[in-house]
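Q: Okay, here's the structure, questions in a sec.
The values are calculated or read from the model by the stated rules, or taken from the named source; none is laboratory data. From a predicted model like this one, the values you see are computed outputs, not experimental measurements. Here Cβ is always computed from backbone atoms with ideal geometry, including for glycine, and neighbour counts include all displayed protein chains.
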Amino acid sequence: MVASLALAASLLSPVPAAVAAVREDPWAMVPTVESTGAAPMVPTIPSGDFSFDPDDLSQSAGLTTPGLSGKARTAPPLDLSDLDLDELEVVDRDEFATAYVLPSGRRVAVLSEFPQNVLVDDEWVPLDGVLERAAGGGWSDVEHPLSRVCPELCV
C-alpha cells in the first residue's frame, strides 16, 4: 500500500514544464533594402513613313504573291438571301459546323453554338431529332450527340 501511495504521489505531483525555445522570426535576419524608383517611361512615336495601302501587296514585308501583280483580289459580297443550303455540296462537317462549296468555288460555313451534326459510324451526319421505337421498348434517338433513350413512359 505504501508503494502504491508513493506511486500515486509521484504521478500526481506537478513537474515543471520544459521551457520552449523561443524561435526568432527568420525574416528578421534579412536586412531591409530601400527601393529606388525607376525612371518613368515616356511614350515616343517612332520616326518614318508608316502609311499602308491594303490593296497594294508590294508593300508587304518581303512577301511575294505570284499572279496578283501587286493588287489584292477581292471577291464580290455574297448574297445569302437566296442561298439554299440543301442544294449545295457539303465538303466538311464537325459537331458544330458544316462547310459547303458554292458553284463559284467559294466556300461557306454554317457555325452554331449548339451541335448540328453527330458522329455515326465514324462519319458526321446532320442532327436528326426524330425519335424511333427502341428494340427493348421505349424510344431512342440514334442521331443525337447524347444518344437519348426514353422509357415506355416517354411520350
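Q: When the residues of the stretch 104-119 are filtered to those that are over 20 Å from the mean Cα position of the chain (by Cα) and in a loop (DSSP other than H, G, I, E, B), which remaining residue is farthest from D92 (Cα to Cα)?
A: Applying the filter and picking the extreme gives S104.
Q: Please name all residue pairs, on different chains or six or more residues apart, with Cβ atoms under 9 Å, provided the first residue is in the stretch 120-135 and is over 14 Å from E95 (Cβ atoms) and the second residue is surrounded by 11 or more Cβ atoms within 10 Å (Cβ to Cβ) and among the small types (G, A, S).
A: L131/S140; E132/S140; R133/S140; A134/S140
Q: Let me confirm something: among S104, S140, S112, S147, which residue is surrounded by 14 or more Cβ atoms within 10 Å (Cβ to Cβ) and either at pLDDT 80 or above or among the hydroxyl-bearing types (S, T, Y) (or both)? First the steps, then the outcome.
A: Details: S104 fails: surrounded by 14 or more Cβ atoms within 10 Å (Cβ to Cβ); S112 fails: surrounded by 14 or more Cβ atoms within 10 Å (Cβ to Cβ); S147 fails: surrounded by 14 or more Cβ atoms within 10 Å (Cβ to Cβ).
Answer to the selection: S140.
Q: While we're here: Identify the residue in the stretch 58-92 that is among the β-branched types (V, I, T) and either in a loop (DSSP other than H, G, I, E, B) or modelled with pLDDT under 90 (or both) and, among all such residues, is nearest to the chain's Cα centre (by Cα).
A: Narrowing the stretch 58-92 to residues among the β-branched types (V, I, T): 64-65, 74, 90-91.
Restricting the remaining residues to those that are either in a loop (DSSP other than H, G, I, E, B) or modelled with pLDDT under 90 (or both) gives 64-65, 74.
On the way: T64: 34, T65: 34, T74: 32 Å.
Checked the stretch 58-92; the qualifying residue nearest to the chain's Cα centre (by Cα) is T74.
Q: Looking at E132, E95, E123, can you tell me which residue is surrounded by fewer than 12 Cβ atoms within 10 Å (Cβ to Cβ), touching a strand residue (DSSP E or B) at 6+ places or on another chain (Cβ under 9 Å) and modelled with pLDDT of 85 or more?
A: Numbers: E132 fails: modelled with pLDDT of 85 or more; E95 fails: surrounded by fewer than 12 Cβ atoms within 10 Å (Cβ to Cβ).
The match here is E123.
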